[in-house]
Amino acid sequence: MPFTPVVLTTDALLFLLLAAAGGYAWYARRREHLRAPWRQVARSRLGMMAAVVLCAYLLVGIADSFHLRLRIAQPDAQAAVRYSPEVLSLLDLATGHLRDAVEKTYSAPFAATLYVRETVTTPDGTVARVYPRLRHAATHLDDPERQRLGDVLATAATGALQGIALWALAVALLLYGLARSGRARWRTVLRQVARDELAVPWRLMLITAGVLIAGAFMLANLSFTYHVFGTDKVGQDVFYQTVKSIRTGLLIGTLTTLVMLPFAVLLGLVAGYFGRWVDDLIQYLYTTLNSIPGVLLIAAGILSLQVYMANHPQRFESFAESADLRLLFLCLILGVTSWTGLCRLLRGETLKLRELEYVQAATAFGVRHLGILTRHLLPNVMHVVFITVALDFSGLVLAEAVLSYVGIGVDPSMNSWGNMINQARLEMAREPVVWWSLLAAFTFMFALVLAANLLADAIRDAFDPRLRSVP
Amino acid sequence: MSETQPLLRVEDLHTGFGVEEHMVRAVDGVTFTVNRGEAYALLGESGCGKSMTALSILKLVPMPAGRITGGRVWLGDEDLLRYPEVAMRRVRGRRAAMIFQEPMTSLNPVVTVGGQIAETVMHHSRLSSAALRARVQESLSAVGIPDPERRAREYPHQLSGGMKQRVMIAMALAARPDLLIADEPTTALDVTTQAQVLELISALRDDTGMALLLITHDLGVVREMADRIGVMYAGHIIEEAPAAAFFSAPRHPYTQALFESLPSARHRTAPLATIKGNVPRLDRVFPGCRFASRCTHAWELCETHAPRWVETGAGHAVRCHLADPAVTRPSPVMPEPPVSAARPGSTSKEADRQVLDVRDLAVHFPVRRGVFKRIVGHVRAVDGVSFSVRRGQTLALVGESGCGKTTAGKGLLQLIAPTRGSVMYAGSELTRLRGEALRRRRAELQIIFQDPFSSMNPRMLVADIIEEGMLAQAVGASAAQRRRLIDTLLEDVGLPADAGRRYPHEFSGGQRQRICIARALAVRPSLIVCDEPTSALDVSVQAQILNLLKRLQSEHGLAYLFITHNIAVVAYLADTVAVMYLGRLVEEGPVEAVLESPRHPYTQALLSAVPAIDSPGEQRIRLGGEPPSPANPPGGCHFHPRCAHAMPVCRERYPPVVSFNGAHTARCFLYE
């Protein structure tokens, strides 16, 4: 094999989470009361638009989670097979041209030259301070000043056309699928979608997807000949960093939830259901935890992990692994500090449900505590869980940025929006200002958080019984 | 006479909800007139559109979900539906005021009672602050609230339910309206409080001569209050008559069936007449008579042609083909009384054996205060109650809300841990059982709850709900056997076989209660605690459930502990009665003895407060005041502050048990 797969811990957890979501979807598919609120989510226009955007992020995140190590070419066939110590992901393979395209230092988006002047000695012996040409961008242009605009437009147009072609294919597939499942003629389905007559706002979703796909192809096409978002201080492509940061943001948002849920759900239900000293104990636990500043806990956790990693370098095979451990640890600590809110909500909800008559009826039947907790209480608090998880996600993505900025976030070598912003901080003070790093990180993070918030709103509208018109 | 002058004229009123195709026509062509000074009652079951009619009159229909789509409403000579919102605000309160069913939510909890009344008064007239205060106190004392000066400064949560409803009435009457619309004004209140409030409304009407539009489902209240009655069914009025004619000779089959389905002592030996099915949904167009599908007299014409509004003389009118002289019935058989599944209730008193013996049961809830949650007192919800239930018989536990009857039921089932006392069931002491032993015993004691909507997990299929108890109690060896059992049970309680594969929310209230009964039966209990199982249901559906309970009792030899406040149901169903007041039993005995010759003054007052359909205008014993709090019961006999016969000894100690001819006992010094 030309490569060996590497499964990092966070990869495994992410796949576990995806499998759990898939399992839930399969389970809910046949249960009307579980399907109904999701169907309502599917009817929300903004929510579904946001879902399409999130899907795009998720695809990038998943592509960045298949890790592998390439085989190092051997001079002779008899030597033992050796693999490169560098752990790469599928996304890295696809964006290899960006990863290796390192300039000397800053360059602006679409620039053909560096952002700083250098002293060069011309062949005739004079010394001049000029903006040197970039090594990996716009090299095919003889006179960038004149040719660049036309070339950028042409490349972008080609990319957009490719994107639209792919989109059209996807639309055709979707229509075929809809026609199959609805037992209708695809022409009818096409008309319905075009006129937006179906319950699910397919037209809006398709337009969103179209814009996203075309945009992605444009950027990808341009990235072969330009640094579309410029380069940073050490000359790395900002576009590459931004895209690589998607996985970090997603993981922080989702894995933290995975860590937090068991604590919050179990303790919340148990506290509310059993009451008395169990309740007192759990309440005491979360009030204490809540009154310690979260940042302090996180700082303590991350710093001690750093010490541990510095003392035991032999335990980690690669940089990627140690960075991954730090990410996981960050998720863990964020989870530990953030379960209290949901736990409190669930305790309150359970206190209310415990007095309901179907719970008492179950007690009167002699159903065991575990049965009551799993069959009667848990399913009836799931809406709180869904709403909280959806709302928390965006908060966690933002928290990562803040923590990395303070220096207790993910590993500095790991691509993340927080690290990008942290590095861009100093560049903001330069004259002329270097704005692209900050703007790129901000835009991508903003789009993700906005989409997550919009979807969370749609989910809350569908799940919150107080907002529901018909019980 | 000036009294026949019409005050409110509603003409062909239509109010709908939702969009065109799925529009729910809550009010669908309602026409009636309320004369000056008259009390007009709109009678109907839940979902027939009577509340919506009231809201439409004052244009209070929740917008934009619902809208008034047609008709006219004349108040005097004002066409209300043409008025803009600004003008309506002048009409509401001043010309026509409204009081609602739920006094708990109609008052603003953060404004004092006096402040809320003052606000209403100020809205209609400008007064100086001293005059305003006097006016507020005047209106509070007019509705019979003692110590109005103090009460005016209190907040709604400091008042009892009856007191709040009085405040609502005071607010409604602040501007001396010509018309008072009362939407189920006493449904949320206890029967003795209901009597007080009804009496108050009658007295105020006598004083001010205002007209009353009373909306209710309670035939007893109608009998008490109304001069004329309109019966609403599925969005329109199907019968209208003066009170006397209405109660002596109802014409519409629905009205007749309503009277027939009322439980009472007279019906004890036979099943109650029921109206089959449920009130139809109002989201469709009815080609024929709306009652046809449930009517025992219906023939083809009823399905296809809507009946005319037929005047049958003396202000009596009815919407029925039977009363229409222009319609001839194909086979004029005598209208037989609507009777379902005629099966005489078993009166056999086989095996007069006790199944349950409760001795000195008490449930106290600690009241905790302060940082360390010190116990500063106890709410004595149940305070030393003793009774026994015999096999195949029904003991009714009667009392007003807050008297501890539900707590007693849950306490004996060990759903709430009793503070002291013993519950002997089949030779074992339930209060001492723990863990597995108690769990196994639970199959034999079951409970049916009041609210059929919250007593089933909305996220489980009906079959799973019924199966849950069977699994916990290991009834039925295999899944297939259990499924067969569930099918039998569903059939037994009168539900279709496919009910098991549906969710609870797909069923109506009565059907849900049937599912709850099937669930309880699934574990083969010998005693079922029925906690007000019919109080959330309509009269016609209540009759179905009572019949079902009675049939199951005779078939399975079940014993019931029937917790209720409804005396008519007691008379129909119970073998023995225990009357509870403030956590203690005040009277106990065979049903005939207690209901015919009640001994304890509280029982007497309770029975007398029930509005009777048979004998209106009877002299009533009115109880003053409100039930005291069980956290701080009065010394001596708990009832003495409200008792007309209280003696000095009543304040000193709790009366002992006095026995009258055998099983009939009471706790009162009057008979010592």
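The values are calculated or read from the model by the stated rules, or taken from the named source; none is laboratory data. Quick caveat: nothing in here was measured; it's all calculated off a predicted structure. Note: ideal-geometry Cβ built from the backbone for every residue, glycine included; neighbour counts use all protein chains shown. We work out accessible area using only protein heavy atoms, side chains counted, and drop any ligands, DNA or RNA first. Shrake-Rupley method; radii C 1.70, N 1.55, O 1.52, S 1.80 Å.
What the table shows:
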| read-out | value |
| --- | --- |
| Yes/no for B:THR431 being within 14 Å of chain A (Cβ to nearest Cβ), assigned to a helix (DSSP H, G or I) and in contact with a strand residue (DSSP E or B) (Cβ under 7 Å, 6 or more places away or on another chain) | no |
| Failed criterion for B:ILE466 (all others in (1) part of a helix (DSSP H, G or I); (2) within 18 Å of B:TYR560 (Cβ to Cβ); (3) not hydroxyl-bearing (Ser, Thr, Tyr) hold) | (2) |
| Checking B:SER293 against (1) part of a loop (DSSP other than H, G, I, E, B); (2) open to solvent by 50 Å² or more (accessible area, probe 1.4 Å), the condition it does not meet | (1) |
| Residue in segment A:379-401 that is charged (D, E, K, R) and within 14 Å of chain B (Cβ to nearest Cβ) present | no |
| Which numbered condition B:CYS403 misses (of (1) hydrophobic (A, V, I, L, M, F, W, C); (2) part of a strand (DSSP E or B); (3) at pLDDT below 85) | (2) |
| Single unsatisfied condition, B:ILE201 versus (1) within 20 Å of B:VAL113 (Cα to Cα); (2) at pLDDT 85 or above; (3) open to solvent by 20 Å² or more (accessible area, probe 1.4 Å) | (3) |
| Helices (runs of 4 or more DSSP H) lying entirely in segment B:1-109 (those with 3 or more residues that are under 23 Å from B:ASN278 (Cβ atoms)) | B:50-57 |
| Matching residues in segment B:475-510 - criterion: being away from every other protein chain (no Cβ under 12 Å), in a helix (DSSP H, G or I), in contact (Cβ under 8 Å) with a residue 40 or more places away in the chain and within 25 Å of B:ARG281 (Cβ to Cβ) | B:GLY509, B:GLY510 |
| B:LEU548 being touching a Lys or Arg at 6+ places or on another chain (Cβ under 8 Å) and crowded, with 24+ Cβ neighbours inside 10 Å | no |
| Output for segment B:511-523, where each listed residue is within 13 Å of another protein chain (Cβ to nearest Cβ) and of a type in the set (S, T, N, Q) | B:GLN513 |
| Failed criterion for A:LYS233 (all others in (1) open to solvent by 60 Å² or more (accessible area, probe 1.4 Å); (2) modelled with pLDDT under 90; (3) in a helix (DSSP H, G or I) hold) | (3) |
| Filter pass, B:ALA666 being in contact with a Lys or Arg (Cβ under 8 Å, 6 or more places away or on another chain), open to solvent by less than 30 Å² (accessible area, probe 1.4 Å) and not β-branched (Val, Ile, Thr) | yes |
| Filter pass, A:ARG354 being more than 14 Å from chain B (Cβ to nearest Cβ) and surrounded by fewer than 22 Cβ atoms within 10 Å (Cβ to Cβ) | no |
| Top-ranked residue of segment B:628-672 - restricted to ones that are in contact with a helix residue (DSSP H, G or I) (Cβ under 7 Å, 6 or more places away or on another chain) and among the β-branched types (Val, Ile, Thr), ranked as nearest to B:SER401 (Cα to Cα) | B:VAL658 |
| Verdict on B:GLN446 being at the interface with another protein chain (Cβ under 10 Å from one of its Cβ atoms), under 18 Å from B:PHE365 (Cα atoms) and at pLDDT 85 or above | no |
| Residue in segment B:617-639 that is β-branched (Val, Ile, Thr) and part of a loop (DSSP other than H, G, I, E, B) present | yes |
| Failed condition for B:SER526, given (1) within 12 Å of chain A (Cβ to nearest Cβ); (2) more than 28 Å from A:ALA36 (Cα to Cα); (3) at pLDDT 85 or above | (1) |
| Number of the exception - A:ILE333 against (1) modelled with pLDDT under 85; (2) within 22 Å of A:ALA300 (Cα to Cα); (3) among the hydrophobic types (A, V, I, L, M, F, W, C) | (1) |
| Selection status of A:GLY335, away from every other protein chain (no Cβ under 14 Å) and in contact (Cβ under 8 Å) with a residue 24 or more places away in the chain | yes |
| Residue tally, condition of a type in the set (Phe, Trp, Tyr) and exposed (fewer than 15 other Cβ atoms within 10 Å of the Cβ), over segment A:183-223 | 0 |
| Test set (1) within 27 Å of the chain's Cα centre (by Cα); (2) in contact (Cβ under 8 Å) with a residue 60 or more places away in the chain - B:PRO109 fails condition number | (2) |
| Selected residue (criterion: nearest to B:TYR503 (Cα to Cα)) from residues of segment A:25-52 that are in a helix (DSSP H, G or I), open to solvent by less than 70 Å² (accessible area, probe 1.4 Å) and within 14 Å of chain B (Cβ to nearest Cβ) | A:HIS33 |
| Hey, B:ARG72 open to solvent by 40 Å² or more (accessible area, probe 1.4 Å) and modelled with pLDDT of 85 or more or not | yes |
| Residue check, B:ARG82 closer than 30 Å to B:ILE117 by Cβ and open to solvent by 10 Å² or more (accessible area, probe 1.4 Å) | no |
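For every residue, the table says whether it meets (1) open to solvent by 10 Å² or more (accessible area, probe 1.4 Å); (2) out of contact with any helix residue (DSSP H, G or I) (no Cβ under 6 Å at 6 or more places or on another chain); (3) within 11 Å of another protein chain (Cβ to nearest Cβ); (4) on the phi < 0 side of the Ramachandran plot.
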residue: B:THR394; (1), (2), (3), (4): no, no, no, yes
residue: B:SER401; (1), (2), (3), (4): yes, yes, no, yes
residue: B:GLY409; (1), (2), (3), (4): no, yes, yes, yes
residue: B:PRO418; (1), (2), (3), (4): yes, no, no, yes
residue: B:MET424; (1), (2), (3), (4): yes, yes, no, yes
residue: B:GLY435; (1), (2), (3), (4): yes, yes, yes, no
residue: B:ARG440; (1), (2), (3), (4): yes, yes, yes, yes
residue: B:ASP451; (1), (2), (3), (4): yes, yes, yes, yes
residue: B:ASP464; (1), (2), (3), (4): yes, yes, yes, yes
